Amino acid sequence: MSTRFLFDFSVNKADNTIHIKREFAADLDLVWEAWTNPELLDLWWAPKPYRTQTKSMDFSEGGYWHYCMISPENEVHWCRADYQKVEPKKSFSGLDAFCDENGTVVQDIPRSLWNNVFAEKTNKATLVEITISYDSLSDLEKVVEMGFKEGFSMALENLDQYLETRCQ
């Protein structure tokens, strides 16, 4: 990750949220595509050494992304993101959850609401601001204890690498 680009990660226990601000060295069109195209998400979403494999994706309001993260030992962890609101090249929101292969949400792992806002900066960079909300403090703390910050930071570094190769 380039140190000249913003990366801010904070946890707010008072309102059960995680806030992330992250700049990427690419224009808005490319960053938006990387977040909304399943073929590109498969290239960067999972923290290494895991990989992502999309089963299906309907990136529209009411649609969802059903995917898995696969470990080097071929352990499969299924997930889904249910899109609630999509404003092309501006923002999208949705509920994120672990699920089974059929898309049935796992109830003992907290579900979260993601709000992602995209803004192009003047220096050929794009800022992505993410607010992730949980129903309770215990849900937030469970996700933090599971290593969310470390895993998501690694995934964002994967995205940096992908964008760097596309922008050369």
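The values are calculated or read from the model by the stated rules, or taken from the named source; none is laboratory data. Keep in mind the model is a prediction, meaning the values are calculated, not measured. Quick reminder, even Gly has a Cβ in these numbers, built from the backbone with ideal geometry, and neighbours come from all protein chains shown. Just the protein is used for accessible areas: all its heavy atoms, side chains included, with ligands, DNA and RNA removed. Shrake-Rupley method; radii C 1.70, N 1.55, O 1.52, S 1.80 Å.
Accessible surface computed residue by residue for the chain, with neighbouring protein chains in place and a 1.4 Å probe, gives 53 Å² per residue. Note on the range 1-88: Cα-Cα pairs beyond 17 Å make up 62% of the total pair count. Using the alpha carbons alone, the radius of gyration of the range 50-118 stands to its Kirkwood radius in an Rg to Rh ratio of 1.00. Evaluated at q = 0.16 Å⁻¹, a Debye calculation over the C-alpha positions of the chain (equal weights, vacuum) places log10 I(q)/I(0) at -0.98. When +1 charges are put on Lys and Arg Cβ atoms and -1 charges on Asp and Glu Cβ atoms, the dipole computed for the range 19-168 relative to its Cα centre reaches about 340 debye. Residue-wise HN-Hα couplings along the range 46-61, as the Karplus relation 6.51 cos²θ - 1.76 cosθ + 1.60 with θ = phi - 60° gives them from phi, are 7, x, 5, x, 6, 9, 9, 9, 7, 8, 7, 8, 10, 7, 7, 4 Hz; Gly and Pro carry x. Eigenvalues of the alpha-carbon gyration tensor of the range 94-168, scaled by 5 and square-rooted, set the equivalent ellipsoid semi-axes at 28, 15, 13 angstrom, largest first.
A simple rule links phi to the HN-Hα coupling: the Karplus curve 6.51 cos²θ - 1.76 cosθ + 1.60 with θ = phi - 60°, which for the range 88-97 gives x, 6, 10, 6, 8, 9, x, 8, 10, 7 Hz, with x for Gly and Pro.
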